[in-house]
Every structure is written in C-alpha cells, then in structure tokens.
Amino acid sequence: MKKTTRAFWWKRGHPFSLLLLPVSWIYAAVAGRRMRRAAGARAGVPVLCVGNFTVGGTGKTPVAEALARAAREAGKRPGFLLRGYGGKVEGAVLVDPERHSFRDVGDEALMLSRLAPVAVSPARADAAALLEQAGVDFIIMDDGLQSGRLKPDFAVAVVDAKRGFGNGRCLPAGPLRAPLKVQFPKVDAVLLNGAGGAEEQVRQFARSARRPVEVLHQQPTSDSGEFAGEEVLAYAGIGDPEKFFATLEGLGARVRRAVALADHQPISEALARSLLADVGAWLPVTTAKDMARLQGGGGPAISALREKSRVVEISAVFDNPAMPAGMIIATLDAFRRRVEADRQRR
C-alpha cells in the first residue's frame with residue numbers, strides 16, 4: 001500500500017473512515033494474523049528494529065541514526081537494513097551511493113549510507129547476510145516491525161506525540177498497520193517523539209501493554225541562525241511536511257511558499273521547474289530525504305534545484321541521554337541470551 005497519509009486518519013468519526021470500516025476490518029484481520037504467525041529468520045549478529053505502529057512520518061530515521069552512533073561508540077560496526085521502499089531492486093543489494101540512485105534503492109537508504117553501510121531487500125534476511133559479509137556486527141533495521149521476515153533481538157516503536165495512533169483504526173480507514181493489541185507485544189519499548197495532544201493516550205496504551213516509554217525530541221543540527229530572517233521556499237516529501245515547515249519557522253525563516261509533497265514523492269522536471277520559478281526571490285530549503293531524491297542525475301531543472309537547495313538536517317535527542325547506549329546494551333544482551341539458548345538446544 002502506498003505510503004501516504006490521509007487527513008481523516010487523524011480525526012475520529014470522519015465519514016470517510018466509517019465508509020472504509022469493512023475493508024479496514026479485513027485488513028486488520030489479515031495483518032494481525034500475519035504478525036502473530038510470523039516466525040522470522042535470525043541474523044548471525046544482533047538486530048535492533050526501529051519501527052512504527054502507523055504509516056506516515058514518526059521520526060524513526062533520525063532515531064536509527066542516533067542508535068547507529070551509539071553502537072559505534074560502544075565499539076560496534078553498525079549497518080542499516082531496509083526494505084528499500086520506492087526502489088526497484090528485487091534481490092539483496094549493498095548500497096553504493098556512487099552507483100545507486102533513489103530509484104534503485106529508495107531515498108532513505110541513500111540518506112543512511114552517509115553514516116554506515118546499508119543493505120536493502122524485500123527479503124530482509126538476505127540483506128542481513130550481505131551486511132554480515134561486509135563486516136557489520138550490529139544491524140539496525142529501519143522499519144520491518146510488521147513484516148516478520150527477520151526477527152529482531154530488540155525492537156522499539158517511534159510514536160509522534162502529536163498524532164499518536166490517529167483514529168485508532170487500521171488501513172485504509174485509519175493509519176494503523178495492524179491492530180495495536182498485536183503490535184505492542186512485538187516491541188520492547190515505545191519512543192515518544194516530541195510533545196502533543198496524543199501523549200497521554202500513548203502512555204496509557206503502553207502501561208496496559210507493560211511497555212516502557214522513553215521520550216525524545218527532534219531538533220535541527222543546522223546552525224540556529226543559518227536561516228534566521230531568510231525568505232524561503234520550503235518543499236518536503238515526508239510523512240508530515242507541516243512539521244518541517246514549522247521547524248523552519250522555528251529557526252527564524254519566513255516561509256513564503258510551502259510545497260507539501262507525498263511521502264517519498266519523486267521530483268519531476270516539471271515540478272523542479274515550478275519550484276525554480278520562485279528561486280530568484282526565495283531560498284529553496286528541503287529535507288535530507290528530498291535531497292536524496294534529487295541525487296543521481298535528472299534533467300537540467302532537477303540539477304539546478306539540487307545545486308540551489310539547502311538542507312535542514314534533523315537529529316534525535318533523548319530526554320535521557322543514556323537511552324541510546326542503553327538500547328544498544330539491551331540488544332547485545334538479548335543476542336547473547338539467544339545464542340546461549342540456541343547452544344543449549346543443540
């Protein structure tokens with residue numbers, strides 16, 4: 001199903017949601033049964049899954065990056081594992097940013113390859129094997145909580161504190177990828193991103209499921225004065241573009257035109273020309289994920305937009321600074337227990 005969000009998913013009692021309820025019940029039953037029955041392959045190294053309960057942006061990629069840095073500080077050689085959403089690869093591929101474009105491996109894979117080795121494959125176990133062959137000894141699986149193809153040693157779900165679980169319904173009537181009662185047992189902790197009206201709802205569900213909640217927020221890594229006073233053309237194809245526009249305004253930028261694209265939407269020559277029409281007056285600013293989709297060729301308008309655009313990089317900051325290292329330790333401990341259990345069964 002295409003990764004895009006619908007406004008009515010985040011409102012209770014919307015007629016569109018009610019109309020889609022019968023389809024949603026079928027989807028929930030199928031997705032829930034698949035998650036319950038999934039056995040999942042095991043990797044030969046520790047695997048930490050960073051997932052989310054809903055479609056749409058929750059901020060899990062900056063969390064994955066923060067965990068990779070923590071793993072490196074712990075003396076590990078981390079690598080990222082992704083499905084490669086939006087790419088065209090059919091088998092497992094080790095991402096080479098010099099050779100691959102987002103059309104090959106997806107925009108998130110290209111983003112993450114700046115930090116550590118990345119492997120993509122719909123069959124995640126194959127991608128895990130590639131990472132192991134490349135010398136990776138700690139895998140961070142960005143997404144994949146619902147697939148069950150590779151079983152993680154430790155799993156967290158990132159939840160946006162403003163949106164929460166939306167209307168609480170499964171696709172297509174709501175944003176949930178599977179029923180919460182099936183998803184919660186699959187995670188070891190919930191990471192609450194930011195603050196907002198859904199915070200207490202998330203905490204209540206977590207308490208009922210006996211899952212700890214850790215709080216983080218996301219902040220720009222750019223110089224806080226870099227965009228102050230700038231008149232900007234902001235464009236973003238992420239799960240929640242409005243959050244990006246608000247971030248720019250928080251940096252002191254004056255957003256003169258805000259272009260909200262669908263999540264993972266490719267930027268065509270026509271769209272690039274439209275955006276460039278305002279570049280003379282305003283500074284084009286975008287996200288790292290959108291910039292990844294501008295890499296790897298394209299026509300003259302795409303090339304010009306890439307050269308003129310500036311990027312706001314985002315990082316995840318935990319309220320408890322020790323939490324990223326704590327999750328790395330928890331994953332390593334779970335892996336050791338798994339190895340020992342396998343040894344005893346032999």
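The values are calculated or read from the model by the stated rules, or taken from the named source; none is laboratory data. Nothing here was measured: the structure is a model prediction, and the numbers come from that model. Positions of Cβ are backbone-derived with ideal geometry, glycine not excepted, and every protein chain shown enters the neighbour counts. Calculation scope for accessible area: heavy atoms of the full protein, side chains included, ligands and nucleic acids excluded. Shrake-Rupley method; radii C 1.70, N 1.55, O 1.52, S 1.80 Å.
I'd like to check one number: the per residue accessible area of the chain, probe 1.4 Å, reported in Å² as a whole number.
Heavy-atom accessible area per residue stands at 44 Å².
Using the scaling law 2.2 N^0.38 Å as the reference, what is the normalised Cα Rg of the stretch 1-83? Spell out each step's value before the answer.
Numbers: Rg = 17.6 Å, N = 83, 2.2 N^0.38 = 11.8 Å.
For the stretch 1-83, the normalised Cα radius of gyration is 1.49.
For S268 and R36, calculate 0.36 nm times their separation in residues minus their Cα-Cα distance, and state this gained length in nm to one decimal.
79.5 nm
Over the stretch 23-170, what is the mean sequence separation of C-alpha contacts under 8 Å (at least six apart), divided by residue count, expressed as relative contact order in percent?
The value is 40 percent.
Give me the percent relative contact order of the stretch 198-346, please, defined on Cα pairs under 8 angstrom at least 6 residues apart.
Taking the mean separation of contacting Cα pairs over the length of the stretch 198-346, I get 28 percent.
Once you charge only the Cβ atoms, +1 for Lys and Arg and -1 for Asp and Glu, what is the size of the charge dipole of the stretch 10-88 about its Cα centre, to the nearest 20 debye?
Here the size comes out at about 220 debye.
Binning every alpha carbon pair distance of the stretch 165-235 at 10 Å from zero, what are the percents per bin?
15, 36, 23, 18, 7
Treat the stretch 287-346 as a sphere of radius equal to its Kirkwood radius over Cα pairs and apply Stokes-Einstein at 4 °C in a medium of 1.567 mPa s; give the translational diffusion coefficient in µm²/s, rounded to a whole number.
Here the translational diffusion coefficient equals 82 µm²/s.
R0 = 41 Å: FRET efficiency of K308 with Q201, Cβ-based, nearest 0.05?
0.45
Let me check I have the definition right: for the stretch 80-168, take the eigenvalues of the Cα gyration tensor, multiply each by 5, take square roots. What are those semi-axes in whole Å, largest first?
Computed over the stretch 80-168, the values are 23, 16, 12 Å.
Just to confirm a number: summing +1 for Lys and Arg and -1 for Asp and Glu over residues other than T287 whose beta-carbon lies under 12 angstrom from that of T287, what do you get?
Spelling it out: positives minus negatives among the neighbours equals -2.
Could you give the Stokes-Einstein D for the stretch 177-316 in µm² per second, using the C-alpha Kirkwood radius, 10 °C, 1.306 mPa s?
Answer from the Stokes-Einstein relation: 94 µm²/s.
Using alpha-carbon pairs under 8 Å, 6+ residues apart, how would you state the relative contact order of the chain in percent?
21
Using a Cα-Cα cut-off of under 18 Å, which aspartates and glutamates could be cross-linked to K186, ignoring same-chain neighbours fewer than 8 residues away?
Once the sequence-local aspartates and glutamates are set aside, what remains near K186 is D142, D143, D153, E214, D333.
At q = 0.10, 0.15, 0.20 Å⁻¹, work out log10 I(q)/I(0) for the stretch 102-219 with the Debye formula, treating every Cα as an identical point scatterer and leaving solvent out; two decimals please.
Log-scaled intensity ratios, in q order: -0.37, -0.81, -1.20.
Do any of K76/K151; K88/K162; K76/K289 go past 23 Å between their Cα atoms, and which?
Violating the 23 Å limit, Cα to Cα: K88/K162; K76/K289.
Taking the Cα centre as origin and putting +1 on Lys and Arg beta-carbons and -1 on Asp and Glu beta-carbons, what dipole magnitude results for the chain, to the nearest 20 debye?
In total the dipole reaches around 1680 debye.
Binning at 20 Å from 0, report for the chain what percent of all alpha-carbon pair distances ends up in each bin.
In order of increasing distance, the bins hold 30, 59, 11, 0 percent.
Given the -39500 (n - 2.57) contribution per DSSP H run of 4+ residues, what per-residue ellipticity at 222 nm results for the chain, rounded to the nearest 500 deg cm²/dmol?
On the way: 13 runs with 128 residues, N = 346.
About -11000 deg cm²/dmol.
Mind checking the angle between helix 199-209 and the chain's longest principal axis? C-alpha axes, 0 to 90 degrees, to the nearest 10.
20
Find, among the GluC sites (Glu not before Pro) in the stretch 80-157, those assigned to loop by DSSP (not H, G, I, E, B) with at most 13 other beta-carbon atoms within 10 angstrom.
Filter output for the stretch 80-157: E90, E98.
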